[in-house]
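Participant: I have a structure I would like to understand better, so I am pasting it below and will then ask my questions one at a time.
Values in this text are rule-based calculations from the coordinates and carry no lab data. Quantities reported herein were computed from a predicted structural model and do not represent experimental measurements. Neighbour counts are summed over all protein chains in view; Cβ atoms, including those assigned to glycine, are modelled from backbone coordinates with ideal geometry.
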Amino acid sequence: MVDTESALIRTTVANAIGLIALNNPPVNALGAVARQGLADAVAALNAASEVQVIAIYGEGKALSAGADIREFGKPLVAPRLSDVLDQIEASLKPVVIVLHGTTLGGGLELALACHARVGLPGAHVGLPEVTLGLLPGAGGTQRLPRLIAFDKAIDMISSGRQVAVEEALDLGLLDTIGEGPPHQAALSAAKAALNGSLMLRRTGDIAIKPDSATIAAAIERLSSKRPLLAAPIKAIQAISHSGEPIVEGIKTERRLFGELMDNPDRQGLIHAFNAERVVRRIPEAAATPREMKTAAVIGGGTMGVGIATALLQAGLRVTLIEMAAERAEMAKVAVAKNFDEAIKRGKSTAEARDKLLLGLAVTTDLRDVATLDLVIEAVFEDIATKTELFSKLDNICKSGAVLGTNTSYLDVNLIAAATSRPQDVIGLHFFSPAHLMRLLEVVVADRTAPEVVATALALSGRMKKVAVRSGVCDGFIGNRILAHYRKMADYMLLDGAAFEQIDHALEDFGFAMGPFAVADLAGLDIGWATRKRKAPTRPAEERYVAIADRICEHGWFGRKSGRGYYLYDDPKIRRPNPDALAIVKAERAAAGVTLRRFTDQDIVARYMTAMISEAARVVAEGVAMRPIDVDAVFLFGYGFPRHLGGPLNYADRIGAAALVERIEAFAKEDRYYWQVPDLLRQLAKTKRGFADLNQR
Ligand code: T1G
């Protein structure tokens, strides 16, 4: 038997051990070629008389990230992964496997079908299929409950969460924790199998009795979640068949998997998975990032403290600058509080917090930024304040320092022009709370150097953020589109829809919170300031709704002032503010509005069409590189329902032609607001969707 080398699977035989190495960079995805190679390798080693035991391991970062996501939605190419795993489980010769790195989905299912499992330190394993709108479709719903406690199997599969190697061992998912590189650990595991020190068993032969109470409780819990998604529930239905002979249980699993594959949630969730990665593909990604070890954050308010927290967590040393010493100290306390909250959430430890805080210095002296690699300002949102600050920074900062502004809408070109080094100036628009929200809009000004953009990308990766490249315009990508559909919500409110109905309609659509509840949470004064800023340039033909202004004039800014659209005296319930209702009534009367009724469907149709229209303009102007970049902004910064994949992915479900028709119908009510974007008309004319523009 010679060593065989298929495209992605390498087999070597020595001393009665048949080694199978998965070698399909970057994540050993189990695509069609890999599946065939694996099946052939196991068959060949079973046929080789000199082989007494088979050991499987992965080259690279991990054993395997599971099935090849790029195959989903396309015709299945044999062999099915579940068939290959059944073949492995039925192997006459023992098959052991080494799990290292982050091994997920079909990769873990492969391990479950083997006769013993060895984890390596640092490994994490999981069955995240439900996060893609699927369920473990290669025997995972049948084998995991045979190896670990039933309720733990339900939890792992219905949540998709990963477990660390120690927990996996405690659960019984792993037989032991090995050592050494995967290749060595595989040889050791094979020898242990041969000398009887590693217990071998066929998972499928283990008989269990599913616990019906646990199943019922889990289904009830999942059925009450919003948005109601099918995948976790069907996954539990599959698990409920794990008391049957495994051949039967796998048949049921396969049926339910097929139903989910056809469910639009799968397309939306995988689009969201891809969106997080596609946005990294920008021209400047090829440039060499500058080294970032030290940073300053100027401004110790909520944003500055959040940004400082995020930078510390990314491993930078941070100097936080405030104008007065006591404010600087308060900012330091606030950063520590952020770390304490992470500990409460189980995401950090006291020693990690203490170590991170050692990297934080606070000062009132701007000259302390002189030697730092990066400076990010989070000062008052006013162009004069920011340009004055950048002019000072220009005279202090070392050559090559990256100068970032956290402005949420101001013109980064004007800020850059206040320095002699516009090539080093970039917009880094964080979303509050900056240490938790994953979205970072990287605003590239006209003269920003490519390596400064690449530096921002590298930094966002270290902060585990989703960096989306934006051009310069008022509000960049997210806030510009938000301003447009927020107006639509106000128009519907003035025309007769209650703000509570609008919120409920959009929450039923899948948003965590409706627009009025969000405005109360963010602070009504923020929108008020924006409207006042834009008032001088507001076109006369644009309808203006003054309801929010009237509420703000009373000092009612939402949650932070105890009332806004809603009352916040009892945090458990959301009650409309009677004074806000009175203001709505008065403004409707003042505007002489003929009240009309809106169905929830009307509300969602207008709100989403408004969002899609402005998003189309943002793509057409090149402010966003692709439609999927806009999707990423809304998925990671604005709570857009993940299973819908983002506003422009959702737009393709409606279709460009239908959207044009809708806008033309709405335009009869308000010709100025409702204008068909050219790009949408082009897509309708050429029978294309936004997805066709994502290939750029
Ligand atoms: N298939 C295809 N490509 C994948 C992939 C996969 N499963 N996982 C990652 N990639 C690509 C990714 O798009 C990126 O591509 C590159 O690899 C690096 O990924 C039958 C049905 C494993 C934790 O859900 O969670 O098995 O942008 O940047 O940060 O029951 O990738 O470079 O062109 O994310 O080190 C279940 C999904 C599938 C795991 C690594 N598996 N992947 O993170 O790298 S369904 C998953 C991840 C299934 C079976 C079912 C992460 C990672 P590009 P990356 P990373």
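Participant: Can you pull out the strands (runs of 3 or more DSSP E) entirely within the stretch 381-454 that have at least 3 residues that are under 29 Å from residue 519 (Cβ atoms)?
Facilitator: Details: elements: 402-405, 425-430, 439-443.
Per the criteria, 425-430, 439-443.
Participant: Can you confirm whether the stretch 282-297 contains a residue that is under 27 Å from residue 163 (Cα atoms), of a type in the set (Asp, Glu) and away from the ligand (no atom under 16 Å from the Cβ)?
Facilitator: No.
Participant: Which pairs turn up if I take residues in the stretch 170-193 that are free of Cβ contacts under 8 Å to residues at least 40 places away in the same chain and over 18 Å from residue 13 (Cβ atoms) and look for partners that are of a type in the set (D, E, K, R) and in a helix (DSSP H, G or I) with beta carbon separation below 7 Å, at least 6 apart in sequence or on another chain?
Facilitator: Pairs found: 171/152.
Participant: Which residue is surrounded by the most Cβ atoms within 10 Å (Cβ to Cβ), if the candidates are limited to the stretch 363-393 and must be farther than 29 Å from residue 525 by Cα and hydrophobic (A, V, I, L, M, F, W, C)?
Facilitator: 374
Participant: I'd like to verify a number: residues in the stretch 31-50 that are closer than 20 Å to residue 98 by Cα, among the charged types (D, E, K, R) and either in contact (Cβ under 8 Å) with a residue 40 or more places away in the chain or within 11 Å of the ligand (Cβ to nearest atom) (or both), how many?
Facilitator: Total satisfying the criteria: 1.
Participant: Also, I was wondering about something else. Scan the stretch 623-630 and give yes if some residue there is of a type in the set (A, V, I, L, M) and in contact with a Leu (Cβ under 6 Å, 6 or more places away or on another chain), otherwise no.
Facilitator: Yes, some residue in the stretch 623-630 is of a type in the set (A, V, I, L, M) and in contact with a Leu (Cβ under 6 Å, 6 or more places away or on another chain).
Participant: To continue, here is another question. When residue 129 is evaluated against the numbered criteria (1) within 11 Å of the ligand (Cβ to nearest atom); (2) part of a loop (DSSP other than H, G, I, E, B); (3) not hydrophobic (A, V, I, L, M, F, W, C), which criterion, by number, is the only one it fails?
Facilitator: So the condition that residue 129 fails would be (2).
Participant: Is it the case that the stretch 574-581 has a residue that's touching a strand residue (DSSP E or B) at 6+ places or on another chain (Cβ under 6 Å) and part of a loop (DSSP other than H, G, I, E, B)?
Facilitator: yes
Participant: Quick one: is residue 315 away from the ligand (no atom under 16 Å from the Cβ) and under 23 Å from the mean Cα position of the chain (by Cα)?
Facilitator: For residue 315, the condition - away from the ligand (no atom under 16 Å from the Cβ) and under 23 Å from the mean Cα position of the chain (by Cα) - is met.
Participant: So the check is Cβ under 8 Å with 6+ separation or different chains; which pairs have a first residue in the stretch 120-133 that's touching a residue at least 24 places away in the same chain (Cβ under 8 Å) and over 15 Å from residue 106 (Cβ atoms) and a second one that's within 10 Å of the ligand (Cβ to nearest atom) and part of a strand (DSSP E or B)?
Facilitator: 123/102; 123/103; 124/102; 124/103; 124/162
Participant: Filter the stretch 138-167 for residues that are within 24 Å of residue 68 (Cβ to Cβ) and among the hydrophobic types (A, V, I, L, M, F, W, C) and give the result. Break it down stepwise before answering.
Facilitator: First pass over the stretch 138-167, keeping only residues within 24 Å of residue 68 (Cβ to Cβ): 138-144, 156-163.
The answer is 138, 144, 156, 157, 163.
Participant: Look through 77, 96, 118, 53 and report the one residue that is over 25 Å from residue 177 (Cα atoms), touching a helix residue (DSSP H, G or I) at 6+ places or on another chain (Cβ under 8 Å) and more than 8 Å from the ligand (Cβ to nearest atom).
Facilitator: 77
Participant: Answer with yes or no whether residue 412 is within 22 Å of residue 322 (Cβ to Cβ), under 34 Å from the mean Cα position of the chain (by Cα) and buried (at least 21 other Cβ atoms within 10 Å of the Cβ).
Facilitator: The answer is no for residue 412.
Participant: I've got another one for you. Taking the stretch 251-275 as the search range and keeping residues that are within 11 Å of the ligand (Cβ to nearest atom) and surrounded by 19 or more Cβ atoms within 10 Å (Cβ to Cβ), which one is farthest from residue 380 (Cα to Cα)?
Facilitator: Residues of the stretch 251-275 within 11 Å of the ligand (Cβ to nearest atom): 253-254, 257, 260-261, 266, 269-270, 273-275.
Imposing the further condition that a residue be surrounded by 19 or more Cβ atoms within 10 Å (Cβ to Cβ) reduces the set to 253, 257, 260, 266, 269-270, 275.
Values: 253: 56, 257: 52, 260: 48, 266: 43, 269: 37, 270: 39, 275: 32 Å.
The extreme case among them is 253.
Participant: Go through the stretch 100-115 and give me each residue that's hydrophobic (A, V, I, L, M, F, W, C) and more than 13 Å from the ligand (Cβ to nearest atom).
Facilitator: 114
Participant: Here's a follow-up. Quick one: would you say residue 310 is in a helix (DSSP H, G or I) and more than 21 Å from the chain's Cα centre (by Cα)?
Facilitator: Against the criterion (in a helix (DSSP H, G or I) and more than 21 Å from the chain's Cα centre (by Cα)), residue 310 does not qualify.
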